[in-house]
Every structure is written in C-alpha cells, then in structure tokens.
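The values are calculated or read from the model by the stated rules, or taken from the named source; none is laboratory data. Keep in mind that what you see is a predicted model, and the values were worked out from it rather than measured. Positions of Cβ are backbone-derived with ideal geometry, glycine not excepted, and every protein chain shown enters the neighbour counts.
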Amino acid sequence: MPRPLPARALELLDAGRDWEAERLLAQLERAGVRDPRLLRTLGWAKLGLGDAAGAATCAREALARAPNSWESHYALGMALRVSDVAAAERALDDALQHSRANRHCLLALSACALVRGDAGAAERFAREALEARPEDREARNALGAALLTARKFEGAAEAFPDAAEILGEPESIERETLGRGVALRLAGRFREAIDYYEAVLPAAPSIEALGQYSLALLAIGDLPTAWQPYSFRWFEPGLRAQRASYPVPMWAGQSLAGRTVLLRCEQGVGDVIQFIRYAPLVKARGATVLLELRPGLGALANAFPGVDAAFTPGETSRTFDYWIGLLDLPWVFGTALDAIPAETPYLRTEPQRVERWRERLASYDGLKVGLVWAGDPRHPHDRERSIPLDMLAPLTGIAGVNLFSLQKGPAAAALASASFARAIVDLGNSLDD
C-alpha cells in the first residue's frame, strides 16, 4: 500500500532527496492543500534546494494557519538565518515561547549567535540545550564551536566528541571530524591532536582535517610527515579558486637539467621571504629559476639568490617546463628539522642601500630594535598575529635600547597618538619593500 504523500516526502527529505520531496509536496500545494504540516515540509524541501526565500514563504503561510506552532516559527527562523540573522533570532525566540527549552531552537540560536560573533551567547544556548540531554552530540558540537570561537581551547577540546565516539557513529563522522582536533592543536596539545586525526582520518578523509593534521605535525617538528598532507591545502574551499592552472606539470622531483621551473608565491610576504631559501637548491639541479612574485616585492626580489628572473603575474610571456608553489618545496626536498636550508644571510641587497641606512642610523648608540606589532587586519587569524601597540610600552623604558617602528599598513597610525610615541623612531614611511 503506498505511503501517504507527506510521509513519503519526509522519507525523501531524510534521505537527502530534496528535489523529489519538493516535487511531491508541490503537487498537493497546487491542488489546494494548505495544511501547516505540509507547508512546513515543503519549506524544508525548498531550503534543502537552496531556496531560502521560498522556504520562508512556506513557513509564514504555515504560521498564518497555526500561529502557536513552535515548528512553524522554528522553520521560519531556519529559513531566515540564511539572509537575516536578526530576523531569524526573533523567529526562533518566538518558537521558544511556545516550546520552552526546545533543543532545536536553542541550537539554532547558538548557531545564529556565532554568525554575528557573540560567542558568549552561543555558549549559553548550547549549555542550555545540554542541560536536558548531557550526551547530546549536536549540542556538544555547538558548545565546542562556541568555546573555540571564544578561544577557550581547553574547554572546546573537552566539549567536542572524541575519536571513539565519532567512529562509533559512521553516519555522522564526516560532520564531526574537524572540531576536537582543531581545539587540541590550538590548546597546544599537539600529540593528542595527531593521535586524534590518525584515528579518524582513515574512516573519514577530509581536506580540512588533513590540513589541521599537517599543522600539528609541523608544530612538533615532524616535518617529513607533515609536508605531504600539507600539500592538500589547495583543495580547501577557501583556496580552490587560487590553485594554479598552468599548462605544464607541477615539479615533484623530476630532472631539471636544462629545464625552466617557475616558483609560485603564495600566502603572505613573510612566507615568501622564508621559503625563497629553497631557490638555490632548485638552481643547483641545473634549472633556470623563474619567480612569480606577489605585488610589492619587486625590489626585494633582487636579493633572492638562485632566482634568474622575477615578475608579477601577467608581466612576462616566458615559458617554463614545470611549476611549484614555494611552500611545496620542503616536501619535494624531503626537509627534516635538522636539514632546513640555513645559509645566513640568505637575503642580500644593494651595497648602496645598506650604506644609506648605515649612515641614517649611525647617530643611535646601543642596541637597535625594530618593532612591528600588527599584520593585515583582513587576515582571518589576525587576532593571533597582532597585538595593541600599548603592549609594547614597557620596552620604551629599557636603557641603552633604541626602538624603531617598521610598521606598515593601517596599524602604523596608532604610533602618532601613543603616549610613548617620542620614544620610538618611525621608519615606516621610509620602507618600500
């Protein structure tokens, strides 16, 4: 006997077959059936297909017929959070008024709070959801995410399910692989993070988890093991669009005698300066070495040994036989902690430039210390890379030390208004590279 149409639609939704569910439910809607439950289910199907506006319309129609239904308020909130978090929170609050301590509403409110950056509220909602069901995995993940955002890494590591719990429920493993490992790594518990990823990755391979695994390995100095999983970074969602698309193969150790290889810059200026030390090793294999620079490094590129020519993207039509990203060079060369190329200095500049700066700084006796306190504020991890200038104030009281600001970018303006500005010589405007 065929199942009733709404029940069949629910089965399809549970199976992830949203398009089929939407088609079945739309048949009833077109026939004039306006039952609130059907409208909500149709809304869930539309939301699964990416039609958040259509889902919100269905939820509002359901509310018009059953204004005291927490399910309809909840459905509206879930549809609205795609485009209007504040409106979504109002709808979810209304849902809670009709169903006190409802875990679905609390967890949705926790997620909304995270979207607007309120980790404290996200934590409160998650803990409230856990009060009734302390072992609720979804609530534990929500609490872990809130604590992670609040930089409470130890608490986050304990909140997220561990490897044994995750492996015990294969149907949810792909959604839960990342959290605990990230928290363990950020808490400085690198060995535990490595053990965690080595337990869960075989069962649920994940590009993001591989990246986190590699960072934990790098942190303990296990470079040979770390470089291979680190090479998968270009498949992460935020980097896919930046992947190279050259019509030649990537260099992975092939003979370079008489060949030309392009070294491709990636990430920040500091990464370029750090990893360009591998250029002489590539050159020593008989290659002509080209370097594709990021903008703003033109003059500094003259100090890069082992580089035959440097240019920014689109500046040259030179052909090459292979290409490789700078941060993949340690992998190809099999770099271990005791074999990092370390010839110093490995960067040089024009003698006249050196002399010009020597003359400019000659009048300052004692130790000369350059200060940089902030990176690019747009960087997703800027909080981990920058500090307020005021934190450097105690340095100005050290006798025999001359402080120089080398800060560039928006943060440089903070020096002018600092109470100790006269104790620091600002050189930022004189630095071009």
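Since LEU290 meets every condition but one in (1) over 28 Å from the mean Cα position of the chain (by Cα); (2) assigned to a loop (DSSP other than H, G, I, E, B); (3) farther than 19 Å from SER231 by Cα, which condition does it not meet?
Against the list (1) over 28 Å from the mean Cα position of the chain (by Cα); (2) assigned to a loop (DSSP other than H, G, I, E, B); (3) farther than 19 Å from SER231 by Cα, LEU290 comes up short only on (2).
Hey, among GLY375, GLY334, GLY306, which residue is touching a Ser or Thr at 6+ places or on another chain (Cβ under 6 Å) and part of a loop (DSSP other than H, G, I, E, B)?
Exactly one of GLY375, GLY334, GLY306 is touching a Ser or Thr at 6+ places or on another chain (Cβ under 6 Å) and part of a loop (DSSP other than H, G, I, E, B), namely GLY375.
Scan the range 309-328 residue by residue and report those that are outside any strand (DSSP E or B), without any contact (Cβ under 8 Å) to a residue 60 or more places away in the chain and not β-branched (Val, Ile, Thr).
Scanning the range 309-328 gives PRO313, GLY314, GLU315, SER317, ARG318.
If I filter the range 251-281 down to residues being surrounded by 21 or more Cβ atoms within 10 Å (Cβ to Cβ) and under 13 Å from PRO341 (Cα atoms), which single residue comes out as farthest from the chain's Cα centre (by Cα)?
ALA279
Considering only the range 282-308, state which residues are at pLDDT 85 or above and over 17 Å from ARG348 (Cβ atoms).
Those that are at pLDDT 85 or above and over 17 Å from ARG348 (Cβ atoms): VAL282, ALA284, ARG285, GLY286, ALA287, THR288, LEU290, GLU292.
Search the range 378-403 for residues being outside any loop (DSSP other than H, G, I, E, B) and under 22 Å from LEU186 (Cβ atoms), and hand back the single one that is farthest from the chain's Cα centre (by Cα).
Restricting to residues being outside any loop (DSSP other than H, G, I, E, B) and under 22 Å from LEU186 (Cβ atoms), the top hit is MET391.
When PRO313 is evaluated against the numbered criteria (1) buried (at least 18 other Cβ atoms within 10 Å of the Cβ); (2) at pLDDT below 85, which criterion, by number, is the only one it fails?
Failing condition for PRO313: (1).
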